[in-house]
Amino acid sequence: TAAIAALRDGHLVGLPTETVYGLAANALNAVAVARIFEAKKRPHFDPLIVHIGNRSDVDLVAREVPPVAEVFMNAFWPGPLTLVLPKQPAIPDLVTSGLDSVAIRMPQHPVALELLQALDFPLAAPSANPFGYVSPTTRQHVLDQLANEVALVLEGGSCSVGVESTILSFSEGQPMVLRLGGISLEALEAVHGRPIPTQLSSSQPHAPGQLASHYAPARAIRLVAHGEECPAPGAPFLRFYQKEQPEWSLSADGTTGSAATRLFGVLRSLDEEPDGPEVWIEKAPEAGLGRAINDRLLRAAHRA
Ligand code: TXA
Ligand code: MG
């Protein structure tokens, strides 16, 4: 297909995944990977995730797989979980920002999986948005901002998860969550059988993309605790869920899953009126996918 040819030639392809759309390049080709950073205006200190289509491809990317990491692969791959493992020398330093570790995931979306399985190299792919902006969850979102940077954007519908993958690292063999995402902390802990620490700090981020201001629309946003009323009478107020006013609800049915799939689309739609009055948004309940949603909302609302 055209996507395979473009990627072989070192070009960028918009790739649907179950989390968000990615901006993909041949992960083994440093020139192609450099185009990703240029297209996104992404700082070089922020490393990329390498995507694979087969379990056996892990060994091309990671030098070593601790047994505890295999447990998580078995439980959650393909799916929205990224594992940080020791890197193979074949992975260019640009991909990992010079770190000795590499982030790897096997996506679940059939279009992504099929493409990865047809290629003989893995794909480096960050979310397909300009650095610091809201991640894309439809093909149109990618075209709106990066049409001139990509050879093509594959159609994959609306992303079924809607927030990025959860990132899990292993230092001294122990798992640690670096980014909350599509696999909940509860689900990880159920598999691990023990609590898993999180390291989500934004001043000295372990996952360098975890900056305080990220996912930021131009429109000003203020947050309200879950279950609280808006403190500014008459201001636009997007609730987590209200049956009577679905158009002013983040979730279409009261679940955090629905809120996650709609989150980035809602943030983008606020920017159709970038100078409009500030919008108040009620946070999700702080459990399950709600944690990842609240993490994104905090960063979206952050003003430097
Ligand atoms: O769901 C996702 O993960 C999406 C889709 C396209 O797969 N991708 C995505 O990529 O969210 P991106 O570039 O927006 O976020 C990748 C994050 C970065 O913020 C980076 O800090 C972290 O992964 N990361 C990458 N390599 C790392 C490493 N070696 N150690 C720690 N964090 C790493
Ligand atoms: Mg991103």
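The values are calculated or read from the model by the stated rules, or taken from the named source; none is laboratory data. Here the structure is a predicted model, which is why all the values come from computation and not from measurement. FYI the Cβ positions are ideal-geometry reconstructions off the backbone, even for glycines, and counts take in every protein chain you see. Heavy atoms of the whole protein, side chains included, go into the accessibility calculation; ligands, DNA and RNA do not. Shrake-Rupley method; radii C 1.70, N 1.55, O 1.52, S 1.80 Å.
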### Query
To the nearest 10 degrees, how steep is helix 67-76 against the longest Cα principal axis of the chain, on a 0 to 90 scale?
60 degrees
### Query
By the gyration tensor of its Cα atoms, with a ≥ b ≥ c the square roots of the eigenvalues, what is the shape of the stretch 68-124: rounded for a/c under 1.5, prolate for a/b over b/c, or oblate?
oblate
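With contacts defined as alpha carbon pairs under 8 Å and 6 or more residues apart, what's the relative contact order of the stretch 1-44 in percent? Spell out each step's value before the answer.
Values: 44 pairs, mean separation 12.1, N = 44.
Relative contact order comes out at 27 percent.
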### Query
Is the shape of the stretch 1-139 rounded, prolate or oblate, going by the alpha carbon gyration tensor and its root eigenvalues a ≥ b ≥ c, with a/c under 1.5 for rounded and a/b larger than b/c for prolate?
rounded
### Query
In what sequence, highest mean first, do 118-130, 184-196, 31-43, 56-68 appear when ranked by Cβ atoms within 10 angstrom?
118-130, 31-43, 56-68, 184-196
### Message
If the reach is capped at under 25 angstrom between alpha carbons, list the lysines near Lys87, excluding any in the same chain fewer than eight residues apart.
### Response
Lys40, Lys41
### Query
Top mean-square fluctuation among Gly98, Gly22, Gly265, Gaussian network model of the chain, C-alpha springs under 10 Å?
Gly98
### Query
Share of antiparallel DSSP beta bridges in the chain, in percent to the nearest 5?
50 percent
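What value, in deg cm²/dmol to 500, does the helix sum -39500 (n - 2.57) over DSSP H runs of n ≥ 4 give at 222 nm once divided by the residues of the chain? If you can, show how the numbers build up before the last one.
Numbers: 10 runs with 89 residues, N = 304.
Theoretical 222 nm ellipticity from helices: -8000 deg cm²/dmol.
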### Query
Spin-label point model (7 Å from Cα, Cβ direction): what's the Leu152 to Val31 distance in nm?
2.2 nm
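Hey, how much of the P(r) for the chain falls beyond 35 Å, as a percent of Cα pairs? Let's see the in-between values first.
Working: 7238 of 46056 pairs.
Result for the distance tail: 16 percent.
Percent of alpha carbon pairs in the stretch 87-205 separated by more than 18 Å? Display every interim value, and only then the final one.
Details: 4480 of 7021 pairs.
Counting pairs separated by more than 18 Å, the tail of P(r) holds 64 percent.
From Cα pairs below 8 angstrom and at least 6 apart in sequence, can you work out the relative contact order of the stretch 41-154, rounded to a whole percent? Display every interim value, and only then the final one.
Numbers: 159 pairs, mean separation 37.4, N = 114.
With pairs under 8 Å counted, the relative contact order is 33 percent.
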### Query
Going by alpha carbons, how many degrees (0 to 90, nearest 10) lie between the helix axis of 256-270 and the longest principal axis of the chain?
80 degrees
## Note on the structure
In the stretch 96-180, taking the dipole from +1 charges on Lys and Arg beta carbons and -1 charges on Asp and Glu beta carbons about the Cα centre, the listed residue (Leu123, Phe170, Thr137) farthest towards the positive end is Thr137
### Query
Please identify the GluC sites (Glu not before Pro) of the stretch 67-157 that satisfy two criteria: DSSP loop assignment and at most 11 other Cβ atoms within 10 Å. Which are they?
Glu155
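Return a whole-number percent for the relative contact order of the stretch 157-304, with Cα pairs under 8 Å and 6 or more residues apart as the contact set. Don't jump to the answer; show the numbers that get you there.
On the way: 256 pairs, mean separation 42.9, N = 148.
Averaging sequence separation for qualifying contacts and normalising by length gives 29 percent for the stretch 157-304.
On the accessible surface of the chain, probed at 1.4 Å, how many percent belong to carbon and sulfur atoms?
Working: 6580 of 12620 Å².
Roughly 52 percent of what the probe reaches on the chain is carbon or sulfur.
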### Query
Most fluctuating residue of Val111, Val161, Val95 in a GNM of the chain with Cα springs under 10 Å: which is it?
Val111
### Label-point separation, Val266 to Glu228 (7 Å along Cα→Cβ), nm
1.7 nm
### Query
Counting only DSSP beta bridges with both residues in the stretch 155-304, what percent are antiparallel, rounded to the nearest 5?
40 percent
#### Entry: Helix axis angle, 289-301 relative to the chain longest principal axis, alpha carbon, degrees
80 degrees
### Message
Is there a quick way to get the dipole size of the chain? I mean about its Cα centre, with the Cβ of Lys and Arg at +1 and of Asp and Glu at -1; what is the value in debye to the nearest 20?
### Response
260 debye
### Query
For the stretch 20-79, what log10 I(q)/I(0) values come out of the Debye formula at q = 0.16, 0.25, 0.26 1/Å, with one point per alpha carbon and no solvent?
-0.65, -1.11, -1.15
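Whenever you get a sec, line up Ser97, Ser165 from highest to lowest accessible area (probe 1.4 Å, protein heavy atoms).
Details: Ser97 35, Ser165 5 Å².
Listed by decreasing accessible area, they come as Ser97, Ser165.
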## Note on the structure
Inter-part gap, Cα centre of the stretch 1-80 to Cα centre of the stretch 97-145, in whole angstrom, is 6 Å
